[in-house]
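Asker: What follows is a single structure, and I will ask about it in a moment.
Computed from the coordinates by the stated procedures, all read-outs in this text should not be read as laboratory data. Only a predicted model underlies this, so the values are computations on that prediction, with no experimental measurement involved. A quick note on method: Cβ atoms are made from the backbone with ideal geometry, for glycine too, and the neighbour counts reach across all protein chains shown.
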Amino acid sequence: MSERFNQAAQEWDKGDMRQNIAHAVFQTISSRIALLNTMSVMDFGAGTGLLSFKIAPMVKRVVGVDLSEKMLEQLASKNTPQVQVKPLYHDILSEPLEEQFHGIVSSMAIHHVPDTAELFKAFYAHLKRDGFIAIADLEAEDGTFHSHGNEGVYHFGFERDALRETIEKAGFANVRFHHAYTVDREDQNYPIFLVTAHKY
Ligand SMILES: C[S@@+](CC[C@H](N)C(=O)[O-])C[C@H]1O[C@@H](n2cnc3c(N)ncnc32)[C@H](O)[C@@H]1O
């Protein structure tokens, strides 16, 4: 799967769709969560950092976790003395990090992880007390969103009720869904949610 993203990395930011999604996800996050300059935040599946670099100016530190070296190279190339995101090639599911974060954000990454229950348990373990998650992905779709094929796609979006149950089972409270964006295509629309929750 990382091969697919390694190949896509150079062209990832071209075109409007991914930029528009990241913009809308950021707007939805910042209208729901107080991002503070004392916070450390993980962007899970950060890719080239489309979301990370919007979060970074608002908080103390952003770590962009990903499993594609080439996507992370693109992310690293955007660092400036003023705004920095730390690229981190790491599988948090197989080996937890020692660091805990004030928040975990993610955009369009969790449908690429086979075991959603284990992923949310890992998110919980990587959060400080009172920490938040703000995770964006596709509402349940029919498998047509990825026009280049579904290799590495383990979920055709998510049903809200089932995902809420998974998130609550991982230990989170205050689970709330918000509409973040809709990708409009000629023959179909693909809504994207943001789900927020807290570790108390
Ligand atoms: C569709 S891209 C989204 C990238 C970025 N968030 C964006 O919105 O442009 C999904 C990203 O998740 C990463 N990814 C998939 N599985 C992962 C895992 N288990 N741990 C970390 N990153 C993962 C991929 O390498 C890829 O960069």
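Asker: Among the residues of region 123-153, write down those that are within 15 Å of the chain's Cα centre (by Cα) and of a type in the set (Phe, Trp, Tyr).
Answerer: Phe123, Tyr124, Phe132
Asker: I would also like to ask the following. Would you be able to say whether some residue in region 151-161 is touching a residue at least 60 places away in the same chain (Cβ under 8 Å) and closer than 19 Å to Lys199 by Cβ?
Answerer: No, there is no match, as no residue in region 151-161 is touching a residue at least 60 places away in the same chain (Cβ under 8 Å) and closer than 19 Å to Lys199 by Cβ.
Asker: On to the next question. If a residue has to be within 22 Å of Asp115 (Cβ to Cβ) and either buried (at least 19 other Cβ atoms within 10 Å of the Cβ) or out of contact with any strand residue (DSSP E or B) (no Cβ under 6 Å at 6 or more places or on another chain) (or both) to count, how many in region 169-200 make the cut?
Answerer: So the answer is 11.
Asker: Would you mind stating whether Gly131 is more than 18 Å from Ile21 (Cβ to Cβ) and surrounded by 22 or more Cβ atoms within 10 Å (Cβ to Cβ)?
Answerer: yes
Asker: On to the next question. Does at least one position in region 78-95 carry a residue that is under 19 Å from Phe5 (Cα atoms) and among the aromatic types (Phe, Trp, Tyr)?
Answerer: For region 78-95, residues under 19 Å from Phe5 (Cα atoms) and among the aromatic types (Phe, Trp, Tyr): present.
Asker: Give me the residue from region 135-168 that is farther than 25 Å from Ile55 by Cα and small (Gly, Ala, Ser) and, out of that set, surrounded by the fewest Cβ atoms within 10 Å (Cβ to Cβ).
Answerer: Ser147
Asker: Taking into account only those residues within region 99-128 that are in contact with a helix residue (DSSP H, G or I) (Cβ under 7 Å, 6 or more places away or on another chain) and of a type outside the set (Val, Ile, Thr), which is surrounded by the most Cβ atoms within 10 Å (Cβ to Cβ)?
Answerer: Of everything passing the filter in region 99-128, Ser107 is surrounded by the most Cβ atoms within 10 Å (Cβ to Cβ).
Asker: Taking region 97-122, which residues are over 17 Å from Ile29 (Cα atoms) and under 11 Å from the mean Cα position of the chain (by Cα)?
Answerer: Result: His111, His112.
Asker: Right, something else. Conditions: (1) polar (S, T, N, Q); (2) outside any strand (DSSP E or B); (3) free of Cβ contacts under 8 Å to residues at least 40 places away in the same chain. Thr166 meets all but one. Number of the miss?
Answerer: Single failed check for Thr166: (3).
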